[in-house]
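The values are calculated or read from the model by the stated rules, or taken from the named source; none is laboratory data. Here the structure is a predicted model, which means the values were calculated and not measured. As a convention, Cβ positions derive from the backbone with ideal geometry for all residues, glycine included, and neighbour counts pool all protein chains shown.
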Amino acid sequence: MQTELYEVDPLSDNKKLYVKAAEAMAEGALVALPTETVYGLGADAFNAEAVAKIFEVKGRPSFDPLIIHLHHGKELSKVAVIPDELKDLVYQLGKLFWPGPLTMVLPKADVVPDIVTSGLPTVAVRVSAHPAMRGVVKALGHPVAAPSANLFGRISPTSASAVMKELGGKIDMVLDAGACSEGLESTIVRPYVDERGKPVLELLREGPVTREQFRGVAKVIRKKPTSAPASDEAKPAPGMLESHYAPRKPLILIEDGQTFEPEEGVKYALLSYEGTSALAEEGDWVKVVPMSPGKGRLAEAAVRLFALMREMDEDESFDVIVAEPVSAAGLGHAIMDRLRRASVKR
């Protein structure tokens, strides 16, 4: 298969291109699409056979459900059945964070194929802020199911070139709109009302919408990732496996209070927050790669994280990636979440 690559013109409305991609999806094709978070591998969410191709191409296990993308929040009732007690909370979340990098897990409508939700009674839904994703969804007239456009368990792609390296020749089309603006997958929450009638958000995956931004909306509780089961037990949301986002090289995460002892004969490179820490300056590194060079900005580190991990994974001058921690606040929670799941267990 030859993968067609099309550039999204930032100075045009790109309507014809979006229609072309939608027409391909309507015929069962897989199309890699940009979002503000990472590039997604899209298929018509109502076409079970096309969605099955996503699992096949990615090597994704059937117990890991997909996210459905809508063109507008008003379309939510097409794919989800929202209980009366949840309507106010869901509406408030949509008003505050859609379009944007927030995914909600809600009771699913019967029209959503079971393969999309891994047989679960819930569906993960979001409205992307990227005009390309929303334009294709609008042109298709159906929601688009789209996990990250990479091989399962590997580093998520934040550029079209990263998609082509892993999936070129395996999918039909890629829309290239340049680098993603957020760099980390969407935040995933499951809204519910507790036994006292109070709104609660179960935080299933950290992301660009931070815990702090939910203050005043609802109480937040954290759902920790779990190991892959031996059976086909479905996960409640995408991206919840303990091991994920991993480079092929070993990645060792040095948490606060931990020490690092290099092995003789092994070459190491450091993925550093700013590149100026004591660990960066005192270690015997082949190279030090800063996530936020000299600025210490979490937003910059988040945008650069996956791209830098890919570059380091492809660099043959060293054997192991060592990562130092970032501040555990705001986006730092999401960055640390990805590093923990990409790392080897110590």
>> Tally up the residues in the stretch 55-69 that are surrounded by fewer than 23 Cβ atoms within 10 Å (Cβ to Cβ) and of a type in the set (V, I, T), please.
In response: 1
> Regarding A22, is this residue touching a helix residue (DSSP H, G or I) at 6+ places or on another chain (Cβ under 6 Å) and assigned by TED's automatic domain parsing to the domain that holds W98?
Replying inline: yes
> When the stretch 69-121 is examined, which residues are found to be among the small types (G, A, S) and in a loop (DSSP other than H, G, I, E, B)?
Replying inline: G100, A109, S118, G119
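Conditions (1) closer than 26 Å to T187 by Cβ; (2) β-branched (V, I, T); (3) touching a residue at least 40 places away in the same chain (Cβ under 8 Å); (4) part of a loop (DSSP other than H, G, I, E, B), marked per residue:
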residue: E281; (1), (2), (3), (4): no, no, no, no
residue: S292; (1), (2), (3), (4): yes, no, no, yes
residue: G296; (1), (2), (3), (4): yes, no, no, yes
residue: A302; (1), (2), (3), (4): yes, no, yes, no
residue: L305; (1), (2), (3), (4): yes, no, yes, no
residue: M309; (1), (2), (3), (4): yes, no, yes, no
residue: M312; (1), (2), (3), (4): yes, no, yes, no
residue: S317; (1), (2), (3), (4): no, no, yes, yes
residue: P325; (1), (2), (3), (4): yes, no, yes, yes
> Which residues, taken from the stretch 138-147, are over 18 Å from the mean Cα position of the chain (by Cα) and either outside the structural domain of L33 (by TED's automatic domain parsing) or within 19 Å of I171 (Cβ to Cβ) (or both)?
Replying inline: A139, L140, H142
> Restricting the stretch 180-204 to residues that are of a type in the set (V, I, T) and modelled with pLDDT of 95 or more, which is farthest from E36 (Cα to Cα)?
Replying inline: V200
>> Contact list please: Cβ distance under 6 Å, first residue in the stretch 205-218 and under 23 Å from D64 (Cα atoms), second residue in a loop (DSSP other than H, G, I, E, B) and at pLDDT 95 or above, pairs at least six apart or on different chains.
In response: G207/P101; G207/L184; G207/E185; G207/S186; P208/P101; P208/E182; P208/L184; V209/P101
> Which residue out of A43, A32, A50 is touching a Gly at 6+ places or on another chain (Cβ under 6 Å), buried (at least 18 other Cβ atoms within 10 Å of the Cβ) and not in a loop (DSSP other than H, G, I, E, B)?
Replying inline: A50
